[in-house]
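Working notes, beginning with the structure itself.
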Amino acid sequence: MSIVIERVDAATPALAAFLVAHHAELEPTAPAESRHALDIERLLAPGVRLFVGSVEGAPVATGALAAVEDGHEELKSMRTDPALRGRGLGRSMLAHLLADAQARGIRRLSLETGSAEFFVPARSLYASAGFRESGPFGRYRADPHSTFMTLTLPASVPETPHAG
């Protein structure tokens with residue numbers, strides 16, 4: 001299965017439906033005040049970079065990077081179509097997001113995910129990419145329904161022109 005990941009700056013009906021399903025899937029995992037997934041309007045706002053992974057033109061994965069402060073961004077709205085989980089699509093999206101952030105000189109990525117059993121696969125994915133549990137960041141406060149993780153990215157090395 002080949003995924004195509006692209007940055008998007010406008011909603012399509014399929015993308016909007018994919019994100020509505022994301023919110024519905026998260027609803028039973030925590031009280032409303034402890035769910036921090038962004039809606040489509042906020043994912044398309046300035047300071048947020050939204051990416052969609054598609055297979056045969058249909059959205060199957062999302063991920064976003066949102067500014068926290070200079071050199072620090074938050075990983076947001078990671079989701080893989082439940083019918084396609086376990087096939088590496090989330091790992092591909094995460095790798096794409098990490099590469100995008102590093103290429104732009106971002107030095108730290110943080111995230112908030114749930115602490116419930118439902119989120120064990122997500123936390124394992126993030127840990128396998130080097131994220132470590134941390135305290136709240138940005139505007140977050142400690143919450144028993146949240147797990148906070150962070151990753152320090154290596155400095156990107158500018159390409160040097162080759163002498164010809």
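Which residue, Pro59, Pro136, Pro144, tops the fluctuation ranking in a GNM of the chain built on C-alpha contacts under 10 Å? Maximum fluctuation in the GNM of the chain, among the listed residues, is at Pro144. Applying 0.36 nm per residue to the separation of Arg7 and Arg107 and subtracting their alpha-carbon distance, the gain on full extension is 34.0 nm. How high is the FRET efficiency between Glu133 and Leu44 when r is their beta carbon distance and R₀ equals 41 Å, given to the nearest 0.05? That pair, Glu133 with Leu44, gives E of 0.85.
For the pair Ala99 and Ala67, a Förster radius of 22 Å applied to the C-beta separation gives a FRET efficiency near 0.80, rounded to the nearest 0.05.
Only Cα pairs under 8 Å and at least 6 apart count here; give the relative contact order of the chain as a rounded whole percent.
Averaging sequence separation for qualifying contacts and normalising by length gives 19 percent for the chain.
Taking every DSSP bridge with both residues inside the chain, close to 90 percent are antiparallel. Summary of the geometry: the range 43-67 and the range 90-133, compared by the centres of their Cα atoms, lie 14 Å apart.
Protein heavy-atom accessible surface, 1.4 Å probe, per residue over the chain: 55 Å². Listed values (i) 9.7; (ii) 11.1; (iii) 12.9 include one computed from this model; for mean projected area of the Cα convex hull in nm² that value carries the label (ii).
The values are calculated or read from the model by the stated rules, or taken from the named source; none is laboratory data. Predicted model, so just to flag it, every value in this text is computed and none were measured. As a convention, Cβ positions derive from the backbone with ideal geometry for all residues, glycine included, and neighbour counts pool all protein chains shown. Each accessible area value is taken on the protein alone, full model and side chains, heavy atoms only, with ligands, DNA and RNA left out. Shrake-Rupley method; radii C 1.70, N 1.55, O 1.52, S 1.80 Å.
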